[in-house]
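K.L.:
What follows is a structure written as structure tokens; I'll ask about it next.
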């Protein structure tokens, strides 16, 4: 099962771009990479998902190199409300293996 | 409802008591997951249902933990003879897909269990 490793915490200021990298050396061929955001006292919320290269949506971009052993979540121009824990998730479900494993999470603190 | 609903939001139990935590997934969602999140940690997988079938329960920490989804919609996580180490937030998530590598998980707000 693919295990993920992320920085425990990061600091940033409003308006800056933030890049959070996740390592997943044992990612399997069929695994997708998904990032979730979690605020205190709430469940995680989906941010973005990708398989390879680059994916962009209205809130973030996800960069995945060719070997897929890592991925980088990019948050453009962060605001105070982006202060949260960000989790990198690698896995699949529906068959014999159903664990979608969360990493340790990265606590992003955005300051004014 | 529009989202995943969990109840109770907060539960305080004395050590040795049994507790039951309920999850109402989004209507029509086939897949349902239970996760356990200790304070300051990431969610840890407990079990997975595809409709009413419990396909994976390998994450359940002991035989005191039991989960069911008898009609393929509402699910209940039961913890017997609670111990202090069971104190955590229990998260339920559902997803539309059945057999897939993708698909967004929709999480509830969790049930916070405190065992005294």
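K.L.:
Scan region B:27-58 for residues that are more than 18 Å from residue B:104 (Cα to Cα), part of a loop (DSSP other than H, G, I, E, B) and in contact (Cβ under 8 Å) with a residue 24 or more places away in the chain and report the count.
P.N.:
Selection size over region B:27-58: 2.
K.L.:
Here is a further query. Hand me the list of strands (runs of 3 or more DSSP E) wholly inside region A:22-112 holding 2 or more residues that are out of contact with any strand residue (DSSP E or B) (no Cβ under 9 Å at 6 or more places or on another chain).
P.N.:
By residue number, no strands (runs of 3 or more DSSP E) qualify.
K.L.:
Could you please let me know if residue B:20 is more than 10 Å from chain A (Cβ to nearest Cβ), at pLDDT 95 or above and buried (at least 17 other Cβ atoms within 10 Å of the Cβ)?
P.N.:
No, not satisfied.
K.L.:
Also, quick follow-up: Testing residue B:82 on (1) within 13 Å of another protein chain (Cβ to nearest Cβ); (2) modelled with pLDDT of 95 or more; (3) assigned to a loop (DSSP other than H, G, I, E, B), one condition comes back false. Which one is that?
P.N.:
All conditions are met except number (1).
K.L.:
Answer yes if at least one residue in region A:66-84 is modelled with pLDDT of 90 or more, surrounded by 21 or more Cβ atoms within 10 Å (Cβ to Cβ) and under 30 Å from residue B:10 (Cβ atoms), and no otherwise.
P.N.:
Yes.
K.L.:
OK, next. Return only the number of the condition from (1) over 14 Å from the mean Cα position of the chain (by Cα); (2) more than 14 Å from every other protein chain (Cβ to nearest Cβ); (3) buried (at least 18 other Cβ atoms within 10 Å of the Cβ) that residue B:28 does not satisfy.
P.N.:
Residue B:28 satisfies every listed condition except (3).
The values are calculated or read from the model by the stated rules, or taken from the named source; none is laboratory data. This structure is a prediction, so every number in the text was calculated from the model and none was measured. Please note: Cβ atoms are built from the backbone with ideal geometry, for glycine as well, and neighbour counts cover all protein chains shown.
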